[in-house]
Structures are given as structure tokens and as C-alpha cells.
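The values are calculated or read from the model by the stated rules, or taken from the named source; none is laboratory data. If you're wondering where the values come from, they're calculated on a predicted model, not measured in any experiment. So basically every Cβ, Gly included, is an ideal-geometry build from the backbone, and we count neighbours across all protein chains shown.
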Amino acid sequence: MSYYQVKNLEQYFKHYNKSIREPRKFWDKIADENFTWYQKWDKVVEFDMQEADVKWFLNAKVNITKNCIDRHLAKRGNKTAIIFEPNDPKEEAQHITYNELYDRVAKMANVLREQGIKKGDRVCIYLPMIPELAVSVLACARIGAVHSVIFAGFSASAVTTRVNDSQCKMVITSDGAYRGNKSIDLKGIIDEALEKCPTVEKVLVAKRTNAEINMKTGRDLWLQPLLEAAVPNNVAEIMDAEDPLFILYTSGSTGKPKGMLHTTAGYMVFAAYTFKNIFNYEENDIYWCTADIGWITGHSYILYGPLLNGATTVIFEGVPSYPDFGRFWEVIDKHKVTQFYTAPTAIRSLAKENSEWVEKHDLSTLKVIGSVGEPINEEAWHWYNNHVGKKRCPIVDTWWQTETGGIMISPLPFITPTKPTYATFPLPGIQAVLMDEKRNEIEDNQIVGSLCIKFPWPGMARTIWGDHQRFKETYFTAFPGKYFTGDGALRDEVGYYRITGRVDDVVIVSGHNLGTAPIEDAINEHPAVAESAIVGFPHDIKGNALYGFIILKEYGESRDRANLANEINQHISGHIGPIAKLDKIQFVSGLPKTRSGKIMRRILRKIAEGDFSNFGDTTTLLNPEIVEEIKNGRI
Ligand code: ATP
Ligand code: MG
């Protein structure tokens with residue numbers, strides 16, 4: 001039996017049980033049957049979860065780009081690997097075949113080598129969502145350089161911190177970036193950032209906006225002429241299974257950015273296996289994930305996962321609201337997209353607009369639609385299901401993290417019956433457990449616990465770059481012998497998992513553990529509410545009480561606030577119970593969000609506590625100005 005793809009529910013349980021009974025055999029077979037290796041492994045896995053030391057496919061030799069590109073050339077050379085859809089719909093889309101991708105990556109790899117980059121060197125990639133971004137990532141992997149992609153919306157100081165943390169030798173950037181109707185001076189940001197980055201020797205600059213920029217002599221080089229002079233052939237570096245593949249900094253909603261290090265073989269196997277299953281990928285599908293390659297979702301599910309499966313993947317440069325709110329749906333229609341993967345924040349923002357924006361485009365090619373990044377609230381789930389999936393397309397609510405490398409808990413489309421707000425079952429190979437405060441496994445249903453994984457999986461991060469101690473403390477000490485995700489979850493009677501938010505956000509009110517997600521869900525169902533965030537604050541009698549920050553819909557704006565607050569509390573009482581009623585309700589015009597669209601509850605918690613002294617790292621905030629407003633309106 002092949003374990004690479006689950007075909008039905010019965011098989012899911014079979015594979016799952018096999019993966020628990022004999023995890024080594026399970027992963028051995030998947031790795032053996034679906035990839036090209038220079039040399040296979042001596043041992044499948046070796047680990048010490050106390051010390052946070054994990055190794056997969058020991059002593060195997062491989063290059064991930066041989067698996068992403070070269071091995072497809074015989075059969076799929078003329079197949080489109082990448083569809084590039086530019087920011088401006090008037091600019092023509094590009095179709096890059098696997099043959100062309102090979103040439104472009106080979107040339108770029110040769111340029112990197114000529115410019116002094118060797119195996120193990122770190123290269124920072126700070127580019128918009130253009131083909132050069134994909135090509136740069138793959139070229140690094142080709143020659144064994146460690147890529148560190150930094151989302152091109154980050155500020156100069158955020159870039160400085162990250163480039164210095166991983167001591168990058170080179171930066172690849174562009175003259176500028178388009179985002180909606182704006183043009184962004186990327187090179188200017190890099191120039192400012194690099195004033196304090198002594199390790200960077202060279203900056204390669206791609207042309208995108210033709211903006212006037214400064215080129216620093218001896219450091220900066222235009223990419224185009226170098227590529228034109230390069231040979232379209234490249235011998236890939238032979239990498240050890242555990243050689244570093246990339247560093248990626250987490251989005252930073254909980255504190256100082258952590259440079260998660262992923263290694264080669266395990267990540268490759270896991271990205272490929274999860275992509276195939278979660279998106280039910282078939283040969284002629286057109287797959288589109290709207291994330292940025294600057295996030296893990298883009299690494300695993302725009303680039304590596306799809307290319308490892310020989311898929312066609314869309315790279316979208318634009319934003320959902322430009323030139324209008326129909327942009328996503330227009331792209332699906334235009335490229336006949338079959339799988340669409342996006343984030344709840346995008347779904348919520350588009351659900352606020354007139355549904356005509358969706359209805360006027362043909363979405364009949366869609367088969368599977370997905371969500372990632374945050375718990376998807378019930379209202380958004382139904383909107384997505386009704387308007388985008390037309391109740392035909394299963395929604396895969398995929399739970400995972402930068403640290404996990406790939407999707408861990410998710411429905412398998414057409415196999416696992418979906419249930420709004422539930423990420424459902426762990427994938428075969430993933431041994432999820434819920435733990436209580438006494439460090440015992442929770443067996444019962446409907447109890448919120450700490451979500452842990454009790455056996456290693458190939459895609460897990462191996463360390464935090466330069467700080468193994470922090471890695472160990474953050475993920476492996478709270479529940480000795482297990483990986484602690486930092487997220488809270490509960491299980492229903494059939495074993496489906498529902499993520500209830502981060503454990504740090506669980507509030508203990510009069511001895512009851514309350515997850516924030518289900519309460520926010522209830523509040524968001526109130527017709528006057530657009531969005532909400534709940535945090536705890538110290539309370540003399542209850543230990544903690546709940547503080548709600550609520551954004552109203554236009555319709556709610558005209559209502560009396562005190563009445564509305566009462567109604568909202570009654571609504572919570574009815575849906576969850578009186579224990580979850582809010583002690584304080586503050587109506588706000590916005591919530592602080594990270595650039596990947598997640599609410600920064602850490603800051604709201606400080607405000608609720610009345611502690612305005614130290615908000616921590618706010619460099620990744622999308623809307624820093626909102627913090628002042630919320631502070632001033634504190635109740
Ligand atoms: P940082 O760790 O720096 O605070 P982050 O956790 O936001 O940043 P990511 O690794 O991008 O960075 O996000 C992973 C987190 O996102 C998960 O731990 C979880 O809290 C949340 N998440 C992702 N997908 C889902 C989902 N489908 N349902 C619920 N929560 C999700
Ligand atoms: Mg995290």
C-alpha cells in the first residue's frame with residue numbers, strides 16, 4: 001500500500017493507525033517511493049525530545065530542486081509550473097513552464113555562485129511577489145545557500161534585525177514593488193536597513209517598477225545583465241538530509257522574532273505529502289494560494305509543496321481590493337483555478353463587501369477551498385462556503401505553524417466531513433494530544449487543553465537559528481517529551497480538533513478555562529458586530545475578567561452603545577454561558593494587526609491591564625496608529 005495519498009475515510013484510519021504503530025515504516029515508505037535521492041538514509045529518525053534534537057533520514061543525500069524541477073522535465077517539461085498574475089490586471093500574466101523554470105533557476109544559481117555565495121551562506125531575499133522571488137528561493141536551494149525570505153512589507157528596522165540575526169552575506173531585492181495603487185521603494189528600505197548590517201557584501205537588484213534608485217558602487221549589482229550572461233545549466237549541490245534549507249522568522253504576534261530553521265529532506269517529504277493530501281491535487285489542476293512567499297504558507301504551499309508534485313501554482317503580486325473587491329474572483333475565473341487557499345482575514349474583509357463582487361465571476365472550476373492563519377469564525381466560514389465554494393467545495397481549515405513546516409490538522413477534501421470552526425483530524429503521521437495543567441493527557445471531550453505533538457514528524461523545525469536553548473525552552477519544556485504548540489484546543493466526540501486560540505490567550509475566569517476564539521465567534525454573530533477581540537484582565541473576585549474590543553458594522557454605528565453592550569452580553573450568555581460575559585466592552589474603529597493579518601492580542605492585553613509601558617516589538621504591525629486610539633478609549 002502507498003501511504004502518500006489517502007483515498008477514503010477508511011483508508012485515513014488505516015494510514016493513521018499505521019503511522020502511530022510504526023512511524024518509522026510509515027515515513028520510510030513515503031520518502032522511498034516519491035522522491036529522487038542521490039543516496040538513501042541509514043536510519044529514518046533519531047530524536048531526543050528532552051534536548052529538542054531531531055534528525056530525519058540520516059545520511060541521505062538529496063537536492064530539493066532536483067525534486068521540484070529536474071525530475072519533472074521528461075514528462076512535464078512544457079507544462080506550466082508558475083502562472084504569474086501581476087498587480088495590475090492590465091499587465092499580461094506570464095506562464096513559466098518547467099523547462100523555463102529550470103533555465104531560470106540554473107542561471108540564477110550560477111549568478112549566486114559567481115558572486116561568491118557558497119553552500120551554507122545565508123541569503124536574504126526581500127522581493128515582491130514576482131517570478132524572481134520564486135527563482136531566487138530555488139536558486140539558493142540549488143547551491144545549498146540558506147534562504148531567509150523577509151516579507152517585503154517589513155520596515156527597515158525589522159529587516160536589520162533579521163539580516164543581522166542570521167548574518168546574511170547577500171540581499172536580493174528589487175528597485176520597487178507594486179501594491180494596489182501604490183508603488184513602494186523597496187531598495188530605499190534596503191539601503192536604510194543595511195546601514196547597520198556589516199555582514200552583507202552584495203546586493204542584487206531586480207527591475208520591477210523602473211523607479212530611480214541609488215546603486216552603491218562595489219555592493220549593488222543589477223540582476224538582469226548578470227542573468228543574461230549566465231549559462232542555463234547547473235549541477236545541483238549534493239545536500240545532506242539535515243543540511244539547513246531555510247530560515248524563516250515567525251510573524252511576531254507573540255514577541256521577539258524567532259528564526260526557525262528548517263532542514264532539507266524532512267521538510268521536502270512533509271511539504272510534498274501534505275500538499276498532495278490537503279488539496280487533493282490532480283495532474284491538470286491550477287492551484288492558487290494567496291499568501292506571500294514571505295510567510296511559511298508561501299514557502300510550503302506556493303513553492304515547495306506544489307512544485308514537488310509537478311503542479312501549476314499561481315503567484316499573485318496584487319491585493320484583494322485592487323482595482324476592486326472582485327480581484328480574487330476575477331483571477332480564479334481567468335486562470336480557471338481549481339484549488340484556492342487564503343486566510344480568514346481576507347475572507348472577512350471581502351465578506352464585508354457586496355456579494356455581487358463574487359457573483360459576477362465564474363467560480364465553477366473550484367474544487368477545494370482552504371483557510372489558514374487564524375481560527376476561522378463561523379460567520380466567515382459560512383460566507384466562504386456559500387459564496388465562494390457554492391456549497392460544492394469542501395473547506396480545508398488547516399491548522400499549522402511556521403515551526404511545523406507543513407499542515408498538521410485539517411480535513412481531507414471529499415474524505416473528512418467538514419464542521420465549521422473545526423480543523424478536524426490530524427494527518428496520518430501526526431500524533432496530536434491535549435494536555436491539562438497537571439501535564440496529563442486529556443481524554444474527555446469539550447475540554448480546552450494545550451495542544452502538543454508527542455512524536456516527531458519530518459517537517460518540524462530543528463532549532464531557532466543561533467539559539468537552541470530558546471528553542472528547547474519554548475517548545476520542549478512545558479510538557480517534557482512532547483512538542484508544545486502554544487495553542488489551545490478541544491476535541492469533540494468524534495475526535496475532531498477545534499483550535500481555541502493561543503494558550504497565552506486562554507483566560508481563567510472563576511476557575512473556568514475560556515478560549516478566546518469561541519467567545520469572539522459568538523460575538524461576531526451579533527448582526528451589529530464586524531469583528532472582535534477578547535482578552536483577560538485581573539479581577540479581585542473572579543481572578544480574571546473579560547475585556548472585549550469590538551468593531552461595529554455600519555448598521556451598528558447608529559445604535560446606542562450601552563444597549564448594544566447589553567445585547568452583546570445577552571448574546572454571549574445564550575451561546576456560551578453567563579461565565580463568558582464581558583466585564584468591559586470598548587467599541588473601537590480597528591484592531592492592531594500583524595502584517596499577515598492576525599490580531600495582536602498581546603498589545604490589547606496590556607491595554608486592558610492598564611499597563612502602557614512596554615508593548616514589545618511592534619515593528620510588524622500593519623496599523624500602529626490604532627494603538628493610540630485604543631489606549632485613549634480604554635474603559
Ligand atoms: P509568532 O509565533 O511569532 O507569535 P505566529 O504564531 O502568528 O507568530 P505563524 O507560525 O505564521 O506565526 O502562525 C501560526 C499560528 O497561527 C498557530 O500557532 C495558530 O495560533 C494560528 N493558526 C494557524 N492556522 C490556524 C487555523 N487553521 N486555526 C486556528 N489557528 C490557526
Ligand atoms: Mg507562533
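Scan region 468-489 residue by residue and report those that are within 15 Å of ligand 1 (Cβ to nearest atom) and over 22 Å from the mean Cα position of the chain (by Cα). If you could, list the steps in order and put the result at the bottom.
Just the residues of region 468-489 that are within 15 Å of ligand 1 (Cβ to nearest atom), to begin with: 470-471, 473-475, 478, 483-489.
Of everything in region 468-489, those that are within 15 Å of ligand 1 (Cβ to nearest atom) and over 22 Å from the mean Cα position of the chain (by Cα) turn out to be E473, A478.
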Close pairs (6 angstrom Cβ cut-off, 6 or more residues apart or separate chains): touching a residue at least 24 places away in the same chain (Cβ under 8 Å) in region 258-273, within 16 Å of ligand 2 (Cβ to nearest atom) and in a helix (DSSP H, G or I) anywhere: M260/T402; M260/E403; A271/S300
Residues (within 17 Å of Y273 (Cα to Cα) and either of a type in the set (K, R) or without any contact (Cβ under 8 Å) to a residue 60 or more places away in the chain (or both)) located in region 45-58: none
First in region 8-28 and in contact (Cβ under 8 Å) with a residue 24 or more places away in the chain, second anywhere and part of a helix (DSSP H, G or I) and basic (K, R), Cβ under 8 Å, 6 or more apart: K18/K25; F26/K18
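Return the residues of region 280-309 that are among the charged types (D, E, K, R) and within 17 Å of V135 (Cα to Cα); say none if nothing qualifies.
Step one: list which residues in region 280-309 are among the charged types (D, E, K, R), which gives 282-283, 285, 292.
Answer for region 280-309, where residues must be among the charged types (D, E, K, R) and within 17 Å of V135 (Cα to Cα): just D292.
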Pairs, first not assigned by the TED database to the domain that holds N566 in region 521-533, second surrounded by 23 or more Cβ atoms within 10 Å (Cβ to Cβ) and aliphatic (A, V, I, L, M), C-beta under 6 Å, six or more apart: none
Exclusive hit being within 16 Å of ligand 1 (Cβ to nearest atom) and within 24 Å of H299 (Cβ to Cβ), set K258, K202: K258
Residue list for region 445-454, filter: at pLDDT 95 or above and surrounded by fewer than 17 Cβ atoms within 10 Å (Cβ to Cβ): K454
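Take the residues in region 207-237 that are without any contact (Cβ under 8 Å) to a residue 60 or more places away in the chain and part of a helix (DSSP H, G or I), then tell me which one is surrounded by the most Cβ atoms within 10 Å (Cβ to Cβ).
Narrowing region 207-237 to residues without any contact (Cβ under 8 Å) to a residue 60 or more places away in the chain: 207, 209-220, 222, 224-225, 228-229, 235.
When the remaining residues are screened for being part of a helix (DSSP H, G or I), the result is 224-225, 228-229.
Numbers: Q224: 13, P225: 10, E228: 8, A229: 11.
Looking at residues that are without any contact (Cβ under 8 Å) to a residue 60 or more places away in the chain and part of a helix (DSSP H, G or I), I get Q224.
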Some residue of region 198-206 being touching a residue at least 60 places away in the same chain (Cβ under 8 Å), closer than 30 Å to T618 by Cα and within 16 Å of ligand 2 (Cβ to nearest atom): no
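Would you mind finding the one in D492, D487 that is more than 30 Å from A265 (Cβ to Cβ), at pLDDT 95 or above and not assigned by the TED database to the domain that holds A608? Quick ask: steps written out before the conclusion?
On the way: D487 fails: more than 30 Å from A265 (Cβ to Cβ).
The conditions single out D492.
Can we say Y3 is at pLDDT 95 or above and within 28 Å of the chain's Cα centre (by Cα)?
Numbers: at pLDDT 95 or above: yes; within 28 Å of the chain's Cα centre (by Cα): yes.
When the stated conditions are applied, Y3 passes them.
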Which numbered condition L490 fails, given (1) crowded, with 17+ Cβ neighbours inside 10 Å; (2) more than 15 Å from ligand 2 (Cβ to nearest atom); (3) over 29 Å from F537 (Cα atoms): (3)
Tabulated pairs, region 30-44, first closer than 16 Å to C68 by Cα, second exposed (fewer than 15 other Cβ atoms within 10 Å of the Cβ), C-beta under 8 angstrom, 6+ apart or interchain: E33/S2; Y38/I238
Some residue of region 305-328 being more than 27 Å from D103 (Cβ to Cβ), out of contact with any strand residue (DSSP E or B) (no Cβ under 9 Å at 6 or more places or on another chain) and among the acidic types (D, E): yes
Close pairs from region 385-413: first closer than 22 Å to L363 by Cβ, partner more than 15 Å from ligand 1 (Cβ to nearest atom) and modelled with pLDDT under 95, Cβ under 6 Å, at least 6 apart: H387/S355
